[in-house]
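Just below is one structure, and these are the notes that go with it.
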Amino acid sequence: MEHSKHLARMLLLVVLALIVFHIARTLFTPRSFGRYGHYRADNVQEQMALPVVYGERNSCLPCHGQTVGVAGSGSHASVECENCHAPVVTHIRGGEKAGEMSRSRSMGLCLRCHDRLDARPPGFPQIKVEEHLPTGEGKVRVDVCFDCHDPHTPKMGG
Amino acid sequence: MKVGTQGNLTRRKFLVFSGTLGLTLVAGGLSGPGRYGAEGDEGRVDYNWEDHLYVYLIDTTRCIGCGMCVQACKRENAVPDGFFRTWVERYRIGESGRMQVDSPNGALNGFQPSPVDFKVSKGFFVPKMCNHCQNTPCTQVCPVGASYTTKDGAVLVDHVRCIGCGYCVQACPYGSRFLHPVTRVADKCTWCYHRITKGLRPACVLACPVGARAFGNLKNPDDPVRRIIATQRVAVLQPELLTRPNCYYIGIDKEVR
């Protein structure tokens, strides 16, 4: 037993290392880790708590009920207000007005959906600008679409 | 003899050091707040994930390539410029077998008419996003448990836990993940987890003007998306990889991967 002292010291070191490892592990492993699986359970709540940016049509209703009603009955009924305008949070935040709502009158916005593309479903209403505009038109104004079409109910004669 | 003494001294020093370190760590752990999520219950929402198993359906025959979904995703989730949680691809295929696929800036501003040097015999748009696979390769490779699947079927990334190694970005066969240029951690579609857990639709589904994107709950017997998947012919991307996506497609062609 001449080495018993050495062995005891070594054992002590091993035990100490284990204790340090255990403490470090406890400290560095997030508290909720492993509650549901191999991940930090608290993150689920954190993800749920992220702010909502796009409202639904209901968020426009209280102040713009008439416009929402008109748009909701026309050929653009399936187009969300916030697509052509902007997310509701740019306008209303916490019940207070946060800024002006964007009102784009650009032809580019219309053409996103209605420019004729060879990959678009043929049944979808689409135009070629130079064919669609009355002949003799000079330089095309950026808001020329609005001369004839109301963006909320764009279909003419119906 | 002298050497031995020095050795003993070093060991003693080491033991003292270890003990001090251990005690310091314990003290630190007892006194300070926990590192992760100890801030309490703010923002908690009454929601039971056992009642949901989400599923996503994309009808490419309806998609018009307007890119409103990409725009909505960007705004809702503050996705950085040049990166996309969802994007739209335009496929144009000729009878000769020639094909052109493009997605200018992810279709954030839609598509422009652009010529191709062959006669297009069929063309269509395919919205792409995270497939929220049931057998997902991306979470399997995460070395720190930052990527995971929720009980309601969403594949999420813990931005606090992620170390930004990028393994998951490489593991995803659909190219749905990227490293965020500012936070330097993995980022991806969450199905707008903050919206769906409040009963709202994901921003892309909300924004789609033609109903090409739909979101459903497989645990609801009356769910229209569930019914479509159960009764109609649907496909998934790259089924040969056995990832079992929860994102189903209607009307995709063999060229779409």
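The values are calculated or read from the model by the stated rules, or taken from the named source; none is laboratory data. All values reported here derive from a predicted model rather than from experimental measurement. Note: ideal-geometry Cβ built from the backbone for every residue, glycine included; neighbour counts use all protein chains shown. These area figures cover heavy atoms from the full protein model, side chains too; ligands, DNA and RNA do not enter into them. Shrake-Rupley method; radii C 1.70, N 1.55, O 1.52, S 1.80 Å.
Assorted remarks:
- Restricting the range A:139-156 to residues that are among the β-branched types (Val, Ile, Thr) and either closer than 16 Å to A:PRO125 by Cα or in contact with a Gly (Cβ under 8 Å, 6 or more places away or on another chain) (or both), the residue that is modelled with the lowest pLDDT is A:VAL142.
- Top-ranked residue in the range B:49-76 [being more than 9 Å from chain A (Cβ to nearest Cβ) and assigned to a loop (DSSP other than H, G, I, E, B); ranked as nearest to B:ASN246 (Cα to Cα)]: B:LEU53
- Taken over the range B:58-101, the criterion of being open to solvent by less than 10 Å² (accessible area, probe 1.4 Å), of a type in the set (A, V, I, L, M, F, W, C) and under 21 Å from the mean Cα position of the chain (by Cα) is satisfied by B:ILE58, B:MET68, B:VAL70, B:ALA72, B:VAL88.
- Among the conditions (1) away from chain A (no Cβ under 13 Å); (2) in contact with a strand residue (DSSP E or B) (Cβ under 8 Å, 6 or more places away or on another chain); (3) in contact (Cβ under 8 Å) with a residue 24 or more places away in the chain, the only one that B:ILE196 does not satisfy is (1).
- Any hit, the range A:27-47, residues being assigned to a helix (DSSP H, G or I), without any contact (Cβ under 8 Å) to a residue 60 or more places away in the chain and among the basic types (Lys, Arg): no
- The criterion of at least 1 residues that are polar (S, T, N, Q) and open to solvent by 50 Å² or more (accessible area, probe 1.4 Å) is met by the following helices (runs of 4 or more DSSP H) wholly inside the range A:51-158: A:61-73.
- Screening the range B:127-151 for residues that are more than 10 Å from chain A (Cβ to nearest Cβ) and among the aliphatic types (A, V, I, L, M) and picking the one that is nearest to B:HIS52 (Cα to Cα) gives B:MET129.
- Unique match (being modelled with pLDDT under 95, open to solvent by 20 Å² or more (accessible area, probe 1.4 Å), out of contact with any strand residue (DSSP E or B) (no Cβ under 8 Å at 6 or more places or on another chain) and assigned to a loop (DSSP other than H, G, I, E, B)) among B:PRO173, B:PRO115: B:PRO115
- Selection count, the range B:201-226, where residues are more than 30 Å from B:GLY164 (Cβ to Cβ) and open to solvent by 30 Å² or more (accessible area, probe 1.4 Å): 10
- Exclusive hit being touching a Phe, Trp or Tyr at 6+ places or on another chain (Cβ under 9 Å), modelled with pLDDT under 95 and more than 9 Å from every other protein chain (Cβ to nearest Cβ), set A:ARG93, A:ARG25, A:ARG105: A:ARG105
- Hey, B:GLY153 over 20 Å from B:LEU206 (Cβ atoms), at pLDDT 95 or above and either assigned to a helix (DSSP H, G or I) or open to solvent by less than 40 Å² (accessible area, probe 1.4 Å) (or both) or not: no
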